[in-house]
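Q: Take a look at this one; I'll ask things after.
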Amino acid sequence: MALLPLKELYLECLHCTKCDLSKTKTNMVFGEGNLKAKVMFVGEGPGRDEDLQGRPFVGRAGQLLNKMLEEVGLKREEVYIANIVKCRPPNNRVPLQSEIDACLPYLRNQVAIIAPKIIVCLGATAAKAIIDKNFKITAMRGQWLERKGVKIIATYHPAAILRDPEKLEPAMEDFKKIKEELDKLS
Ligand code: URA
């Protein structure tokens, strides 16, 4: 897919029928945030609240994400937030590989437009799609890698932290690392 400017990309996503998630969604969730963000957070896919509102991370997991950002001195308005798939998988199931493959070029296009210096994979689905299909979140989170000049790190998904609060502390360590790296950039 040739790279599109943001508005055209948004419209392409809005009218996308490349996978069946387009048939069951309420709203496409494009992603939002600062177009000049140095850091981009990538989740798995819209949940119920996101599907209803058309915005990423606005439900319980999103509220936790906001708190985690705040805790390390980051504002939601200064980052960019998107997902691996832009339409909600039914009952919040993990997106199928075919759905990920269909949607990933849109995310890549967004990354090319925003040109973040840091990409944060929230959870295993994002880490597998962006870093390596064999990525193991518990063993491999919190480690920096670099691709084409972009630093990439994975940490626990906020929804996973809500299910298992013991994951909060290691995830906060990762968020602190991310903030430190960001401070080095400016
Ligand atoms: N979980 C995600 O992965 N993404 C969202 O936007 C909301 C919840």
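Q: Only one residue in 177, 167 is within 15 Å of the ligand (Cβ to nearest atom), free of Cβ contacts under 8 Å to residues at least 60 places away in the same chain and part of a helix (DSSP H, G or I), so which one is that?
A: Testing whether each residue is within 15 Å of the ligand (Cβ to nearest atom), free of Cβ contacts under 8 Å to residues at least 60 places away in the same chain and part of a helix (DSSP H, G or I) leaves just 167.
Q: The conditions are (1) surrounded by 16 or more Cβ atoms within 10 Å (Cβ to Cβ); (2) within 16 Å of the ligand (Cβ to nearest atom), and residue 90 fails exactly one of them. Which is it?
A: (1)
Q: Would you please list the contacts, defined by Cβ atoms under 6 Å and residues six or more apart or on different chains, that run from a residue in region 37-62 that is near the ligand (Cβ under 9 Å from one of its atoms) to a residue that is of a type in the set (Ser, Thr, Tyr) and in a helix (DSSP H, G or I)?
A: Every condition considered, the pairs that remain are 44/125.
Q: Let me ask you something else. Between a first residue in region 1-27 that is over 20 Å from residue 47 (Cα atoms) and a second residue that is of a type in the set (Val, Ile, Thr), which pairs have beta carbons less than 8 Å apart while being 6 or more apart in sequence or on different chains?
A: Matching pairs, first to second residue: 3/113; 5/113; 6/113; 9/113.
Q: Can you name the residue in region 41-75 that is of a type in the set (D, E, K, R) and closer than 16 Å to residue 30 by Cα and is also nearest to the chain's Cα centre (by Cα) among such residues?
A: Within region 41-75, the match that is nearest to the chain's Cα centre (by Cα) is 44.
Q: Hey, another quick one. When you scan region 1-39, how many residues do you find that are surrounded by 13 or more Cβ atoms within 10 Å (Cβ to Cβ), in a helix (DSSP H, G or I) and of a type in the set (A, V, I, L, M)?
A: Of the residues in region 1-39, 4 are surrounded by 13 or more Cβ atoms within 10 Å (Cβ to Cβ), in a helix (DSSP H, G or I) and of a type in the set (A, V, I, L, M).
Q: If I go through region 142-170 residue by residue, how many of them are buried (at least 21 other Cβ atoms within 10 Å of the Cβ) and more than 15 Å from the chain's Cα centre (by Cα)?
A: Residues meeting the conditions: 1.
Q: Tell me whether region 102-118 contains one or more residues that are farther than 23 Å from residue 16 by Cα, exposed (fewer than 15 other Cβ atoms within 10 Å of the Cβ), within 12 Å of the ligand (Cβ to nearest atom) and at pLDDT 95 or above.
A: Within region 102-118 (the criterion being farther than 23 Å from residue 16 by Cα, exposed (fewer than 15 other Cβ atoms within 10 Å of the Cβ), within 12 Å of the ligand (Cβ to nearest atom) and at pLDDT 95 or above), the answer is no, since none of the residues qualifies.
Q: Further question: Do we find a residue being away from the ligand (no atom under 12 Å from the Cβ) and at positive phi anywhere in region 70-79?
A: Scanning region 70-79 turns up at least one residue that is away from the ligand (no atom under 12 Å from the Cβ) and at positive phi.
Q: With the structure loaded, tell me whether residue 50 is touching a Gly at 6+ places or on another chain (Cβ under 7 Å), among the charged types (D, E, K, R), surrounded by 15 or more Cβ atoms within 10 Å (Cβ to Cβ) and under 25 Å from residue 166 (Cα atoms) or whether it fails that test.
A: It is false that residue 50 is touching a Gly at 6+ places or on another chain (Cβ under 7 Å), among the charged types (D, E, K, R), surrounded by 15 or more Cβ atoms within 10 Å (Cβ to Cβ) and under 25 Å from residue 166 (Cα atoms).
The values are calculated or read from the model by the stated rules, or taken from the named source; none is laboratory data. Given the structure is predicted, the values throughout are model-derived calculations rather than measurements. Using ideal geometry, Cβ is built from the backbone for each residue, glycine included, and neighbour counts are taken over all protein chains shown.
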